[in-house]
1. Per-residue HN-Hα couplings for the range 159-170, Karplus 6.51 cos²θ - 1.76 cosθ + 1.60 at θ = phi - 60°, whole Hz, x for Gly and Pro?
2. To one decimal place, what Kirkwood hydrodynamic radius in Å is obtained for the range 234-346 from all pairs of distinct Cα atoms?
3. How big is the convex hull of the Cα atoms of the range 314-400, per residue, in Å³?
4. What list of ³J(HN,Hα) values in whole Hz, one per residue of the range 171-186 in order, does the Karplus curve 6.51 cos²θ - 1.76 cosθ + 1.60 (θ = phi - 60°) give from phi, with Gly and Pro shown as x?
5. Compute and list, largest first, the equivalent-ellipsoid semi-axes of the range 240-443 from the alpha carbon gyration tensor, each √(5λ) rounded to a whole angstrom.
6. Quick one: how many lysine pairs does the range 240-443 have with C-alpha atoms less than 25 Å apart and a gap of 8 or more or different chains? Give me the count, please.
7. Taking only the alpha-carbon positions of the range 61-142 and ignoring solvent, what does the Debye formula give for the base-10 log of I(q)/I(0) at q = 0.23 Å⁻¹?
8. Per residue of the range 373-379, what does 6.51 cos²θ - 1.76 cosθ + 1.60 with θ = phi - 60° give for ³J(HN,Hα)? Whole Hz please, x for Gly and Pro, Karplus curve as stated.
Amino acid sequence: ILPKPGGRSAYHLAFKPLDGGWGWMVVIGAHISIGFAYSTSKALSIFFTAIQDDLGASSSETAWISSIMLAAMYAGGPVSSMLVNHFGSRPIVMVGGLMCGSSLAIASVGTSIIYLYFFVGIIGGFGLSLNLNASLTIISRYFLLKRPLANGLAMAGSPVFLCFLAPLNQFLLDSYGWRGSLLILGGLILNCCVAGALMRPVTSPSKASSGEEQKMVEEQPNNYGAKLKESCMENAKFLDLSLFKDRGFVIYLIGNLMFIFGAYAPIVFLSAYAVDQGVEEYAAAYLLTIMGFVDMFIRPSTGFVATTKWLRPKIQYLFSFAMIFNGTCHLLCPLLNTYPLLVAYAVLFGVSFGMVFALIFECLMDLMGNQRFARAIGLVTIIECLPMLLGPPAAGLLVDIFDYRYLFLMCGSVITVGGLFLLVMNTLNYHLLAKEKRAKDRKQNENATENQDQNGVLEMKRTPEAAVEQTEPEATDKDEAQQDP
C-alpha cells in the first residue's frame, strides 16, 4: 500500500518496486538529507570548546547539545512516520530542512546553554527527524532487489558530509566564531529543501487514470475492501505495539539500543581527546575527516556486498560482526597516544562505523518488510532516544571525573556486548524458526492425511448407497419389461 501526496491518504494496488529509474535521483536526495541529519550533531562538537569558554559550561553540559539533538531526531520518529504516511516524503523533508536551518540561525544569538538546548537540540533535532524517516521510507518504496545498495549509498551521506563539515566548521570557527558559524551552517542545511524536491512520490506503472483506478478499487471483492480498510487503520496508528510480538524485532531492538548508547560519544569527543594528547587543533579536526572519508566508501561497498546471494540471507550475522568490530576499536583506543596511531584508529573506526550504519536499517527492513517498515522505524527511533540522550552526557561525566580513556572503554564494552548478544540470539532465533517451521509442516501433513482418510471413508459410505440407487431402477425396468407383452 503506497501513500500518495495530498491532504488525505490515497491508496492503490501495490506493485513491484522499480529498482532504478527515478529511484536513483531519490537516492541522491536521501543522500543529502541523511547526510545533514547524521553529520550535523557530530560536526557541532567542533564548537564545544568555544561554547564552554563563552557561556561558562562544562564538558558534560555542552555534550547535552548533541545528545538532545540526536534524541529529538530519534524521538520524532513516530510523528515523522505518521506524517510521511499521510502527506508523502517530499513535503516532509522540505519542512524538516526549513525547521533545522531556521533553528540553528536563531540559536546563533543565544546567551545561555538552555537556549541552545531548546533551539539546536529540540527544534533542530525534530527537523532532522523529518528528514531521516522520510528519506528511509521512500527508498524502501523505490527499491527491493537493489535496496541494500540504495541504502548504502543514501547512508553514505553521513560520512561524506562529516568529511567536509568538520574542517569547514573549524575554518568558520576561526573566522566568524561559533555564533557566525551556526548562522552559516543553518543556511547550508536549507539545501535539504532542494533534496526533498527530488523525492517524487511513487506512482503505479499502470497508465490508468485516477478515475479508472478508483473504479478498479470499487470493483474489487468485498474481502479486498476489508483488507484495504484494515491497512489504512494500521497506518493511522501512532505506535504499533504489536511489533513486540515479533521475536526477531525484539532481538534487533535490544542490540540496537546497546549500540546507540555507545556509538556517538567517541565521535563527539575524538577531537578533544586528540588535543588532550598534544595534537594540534586542525590536525585533531582532520581525524573526523579521515573517519568520514573512509566511512564514505565503506557504506556503499558494504551495501553492495550485502546484495550478493551468499551474504543476503546472513545479513543479520554481518550486522553482528560489524558491531563487535566497532566495539573492539574503541576498546583499543586508550592504548593509542600518538597522532599516527590515532589516524589508524580513525580509519578502523570509519570502516566499522560505516559497516554498521550501512546495515542497521537494512536489517530492520529485512525483518519487517516494506509494509511494516515505516511503523517499525518510528517505534525503534522513539525507543532509541533514551540511550541517545544518555550516552554522550554519561561519557562527558566520565571525562569530568576521570579522563578520556574511560569514555572509550565504556562505549567499546557496551557495543561489543551488544554485538555478541545479537550474534547469539539471532542464531537461537533462526534455530527456533526452523524448528517451528518443521512443526508447522508436520502438522499440515498430518491434517492433510486426516482429510484424505476422512474423504476415503465418506467415499466408501457413498458407494453402497449408490449401488442400491442403481439397482432399484434396474428392477423396475425388468418388471415393466415383463408386464409389457
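No lab work stands behind these numbers, since they all come straight from the coordinates. Note that the structure is a prediction, hence the values are computed from the model and not measured. Note: ideal-geometry Cβ built from the backbone for every residue, glycine included; neighbour counts use all protein chains shown.
1. My calculation for the range 159-170 gives x, 4, 6, 5, 4, 9, 6, 4, x, 5, 5, 5 Hz in order.
2. Roughly 16.8 Å, rounded to one decimal.
3. Here the figure is 98 Å³ per residue.
4. Once θ is set to phi - 60°, the couplings for the range 171-186 become 5, 5, 5, 5, 8, 10, x, 6, 6, x, 5, 4, 5, 5, 4, x Hz.
5. Values for the range 240-443, descending: 34, 18, 14 Å.
6. Qualifying lysine pairs in the range 240-443: 11.
7. With one equal scatterer per Cα and no solvent, log10 I(q)/I(0) is -0.95.
8. 5, 4, 6, 5, 5, x, 5
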